[in-house]
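Read the figures in this text as sums done on the coordinates, not as results from a lab. Predicted model only: the values in this text are computed from it and were never measured. Glycine also receives a Cβ, built like all others from the backbone with ideal geometry; neighbour counts cover every protein chain displayed.
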Amino acid sequence: QVQLVESGGGLVQAGGSLRLSCAASGSIFSINAMGWYRQAPGKQRESVASITSGGSTDYADSVKGRFTISRDNAKNTVSLQMNSLKPEDTALYYCYARVQLITTLRFSDYWGQGTQVTVSS
């Protein structure tokens, strides 16, 4: 019913930058929160950043001041600008969205397939 497609991952040296993007499509009436999680090998998935439809943002302490989340409500997209990357930022990054479906008007959470970010030292 809803698909989230991520792009923008890759390999970068420490101190470099990457920009992740995610586009939601399908039976969407509205989207509440959107954001990014990440999961490193052997670790639990953790929240990186989130943004509401009104533009309120929240960040993990480990990325504050380095990452910036933004969204385009008209296009149902969310982006994550990642600067000053560190090797510990290496992980599989997942986009998510809390979507209100056209069919039921109920909210459900949807996830992208993940995009790999690797930061070399």
In segment 1-93, which trypsin sites (Lys or Arg not before Pro) fall in coil by DSSP and have 11 or fewer other Cβ atoms within 10 Å?
-> Lys43, Lys64, Lys75
Once you sort the root eigenvalues of the Cα gyration tensor of segment 13-62 as a ≥ b ≥ c, which label holds: rounded (a/c under 1.5), prolate (a/b larger than b/c) or oblate (the other case)?
-> prolate
Neighbourhood net charge (9 Å Cβ-Cβ; Lys/Arg +1, Asp/Glu -1) for Gln39 = +2
In whole angstrom, note down how far apart the Cα centers of segment 67-121 and segment 51-65 are.
-> 12 Å
By the Cα gyration tensor axes a ≥ b ≥ c (a/c under 1.5 gives rounded; else a/b larger than b/c gives prolate, otherwise oblate), the shape of segment 36-97 is prolate
